[in-house]
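Comments concern the structure below.
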Amino acid sequence: MSVKNILVADDDYQIRDLLTEVIEKEGYKVFLASNGKEAVEIAKNNPLDLAILDLKMPEMDGITALKQIKEINGNIEILVITGYGDLQSLREVIEQEGVFDYLIKPFALSDIKHCIKRALQRKELNLKKNFAIEDLKHRICEMESDFKQKTIQLRGSQLKYKNIIKDSVDMVVILQGGKIKFINPKVMELTGYTSDELLGSKFIDMIHPDDRTHVMDKYGRWLRKDKETSRIYTFRVLKKDGEALWVESNSVWTEWEGTAATLNIVRDISERKQAVEELRIAEAAIASSINGCAFFDLKGRLTKANNSFLKIWGYENTNETLGKPAVAFMQKEKDVAELFKALREDGGWIGEMIGIKKNSSLFDIQVSASMVKDVNGNPVCMMASFIDITDGKKFVEGMMRSDKLSSLGQLSAGLAHELKNPLAVISSCAQFCMENMVLDPSLDENLHVIFRNSNRASKLINDLLAFAKPSLLEWKEVDVNEVITNMLNMAKLETTPYYIDFKRKLKKGLPKIMGDKEKLGQVFLNLIMNAIQAVPRKGTVILQTNILARENQVEVNIIDDGPGIPDDYRKFIFNPFFTTKDAGTGLGLSICHSIIEQHKGSIIADNAEGLGAKITVRLPVIQDGNCSGSRFNGSRFKVRER
């Protein structure tokens, strides 16, 4: 018995390889073609028993190739395979072109084997007219039996798909000529209509008026087989009660009662739409919030931040922050660890922390954090809201300080008044005795002690009066660099300068400011003396001035390389009577603070990196002429730069 020759023509090499393997295992010889033109050439040069053709191929499609192959070999059997489920077109091909059968991709290997076998059997029947009638009947019976089996399978499939459509969670609608031909129960459930009200009606009437033009345009282009038009589109369907239902429709070609129609799987996406809209609103709210908002994954790495967060921390764009651990934004790693622990155990945390800006500066921040969980209660990420409370805390502290100082000032003024007279008598009597009486040496020494301490007490009282009721400022142009230089020279006279290395880093061209030269000199002398006294043995004191153009301020930094200011002392350092010196009164820095406040400036105590204490004074180049406590009554102005 000769080997049967089978042609396989398909532009998909995977299909060709699959069919080659199947056919050769069945003992047949295979000829391969990747398009219709190659298939025709193979048919011209080889005796073929069966041709398996794909309908859609380049250069020459399957229908054209089929016709030409039939002209070359009238006895050949043709089996069509296609991925396009257009039943009407396939039926026309079978009836008009004499195709033996067709298979729709993807197909089962058992089906292709069975079709090949039956096609070759029919070819044998057509060629061998002299077969015995019984044998012919036997084969016919086999074919009829096979047909019945296929019919039973088909009916089973129909029943199965009918149940699938009936129980589908999606609406199933078959349209033909724009009219509704079939609906499943889900359509009636979701829209509130009955089948009698919908069947035969125009589907366009169910679409929301605002969506009709869009839907019909897109649906029409899809019907015209516009390749760029998606068969999936969203729109609103009108329910019987007038409410709108957001749906997503997926359309495919089918057949209804022998005529082309469209099968439309319509899914209710109202909840999804609502969730998307709520998410959009939430994201917009977070993005526009004046509070800094950030999200962190469960490992504590930042995944998202809004513009306010970037502004608070001084970053230019989100890319600078993404992936950074939360500890990179806070001063103390311990505080962050406690925050995460509270989120894991309690789900939320509210408190204050100290943040670190991009430029390494510190600031006070209020944090409200919560653990974000999914619908099953499993943690997915952490969210935190941040408010910069630095200015607020300074304001509150300033108000509290002002209240305290006001009360303390009144008390100090009263005490000073009551003490000055007795001290004057004590001092005068001691001085009179020392100058006019011959005294025992020990008594003379005691009188000198009384005199010195009465003078010291008098100075303390004067400081109390200066603190309680600051004198009015004598406003004039002040060269800050000149004042600092003069005060440094005075400080050198009052100390042993040989063990101090003074470094002056005074900015050239520093603009003059308006202020009280004597009062500012008092401030800078006090600060320089404090720096000198803080240096152990041999050390360095740095005097530095700068221009802060953006803030329109002059900045003065006085830095020493002493032990620095302990963290616990920093918040009390400008409080009256707070001192770490054995002979100190604790009023020096308080008076400095008061004078700088009169100048509408600021004074900050900190520690310089790698050095000791750093006192920063900032004074405005522009002064408000109506400042309280001044004799200057001009208008708002900006001092020229030299």
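The values are calculated or read from the model by the stated rules, or taken from the named source; none is laboratory data. Being a predicted model, the structure only gives us computed values, none of them experimental. Surface accessibility is based on the protein's heavy atoms, side chains included, excluding ligands, DNA and RNA. Shrake-Rupley method; radii C 1.70, N 1.55, O 1.52, S 1.80 Å.
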*Mind scanning Lys517/Lys600; Lys358/Lys600; Lys324/Lys505; Lys56/Lys179; Lys324/Lys373 and naming the pairs with a C-alpha gap bigger than 26 Å?*
Lys358/Lys600; Lys324/Lys505; Lys56/Lys179
_Given all pairs of different Cα atoms, what value in angstroms does the Kirkwood hydrodynamic radius of segment 13-66 take?_
11.6 Å
*Go through segment 49-59 residue by residue and turn each phi into a ³J(HN,Hα) via Karplus (6.51, -1.76, 1.60, θ = phi - 60°); whole Hz please, and just put x for glycine and proline.*
9, 8, 10, 9, 10, 8, 6, 9, 9, x, 6
*Could you check how much of the accessible area of segment 1-70 is carbon and sulfur, as a whole percent, using a 1.4 Å probe?*
47 percent
_Would you calculate the convex hull of the Cα atoms in segment 187-230 and tell me its volume per residue in Å³?_
95 Å³
*Ordered by residue, what ³J(HN,Hα) values in Hz, to whole numbers, does segment 322-336 give under the Karplus form 6.51 cos²θ - 1.76 cosθ + 1.60, where θ = phi - 60° and Gly and Pro are x?*
4, x, 6, x, 4, 5, 6, 9, 10, 6, 10, 4, 4, 5, 5
_Quarter of Cα convex hull surface for segment 307-378, i.e. mean projection, nm²_ = 5.5 nm²
*Roughly how many Å² is the accessible area per residue of segment 194-305, as a whole number, for a 1.4 Å probe?*
62 Å²
*Equivalent ellipsoid semi-axes - Cα gyration tensor, segment 171-289, angstrom*: 29, 18, 12
*asked:* Please list, ordered by chain and number, the residues whose modelled amide H lies under 5 Å from the amide H of Ser201; skip anything fewer than 5 residues away on the same chain.
replied: Ile180
*What accessible area per residue, rounded to a whole number of Å², is obtained for segment 473-537 using a probe radius of 1.4 Å?*
52 Å²
*Hey, can you grab everything whose amide H is under 5 Å from the amide H of Ala261? Only 5+ residues off in sequence or another chain; H modelled, so Pro and N-termini drop out.*
Thr254, Glu255, Trp256
*Of the heavy-atom accessible surface of segment 195-244 (probe 1.4 angstrom), what whole percent is carbon and sulfur?*
46 percent
*List, largest first, the extents of the alpha carbons of segment 276-339 along their principal axes, each in whole Å.*
38, 24, 19
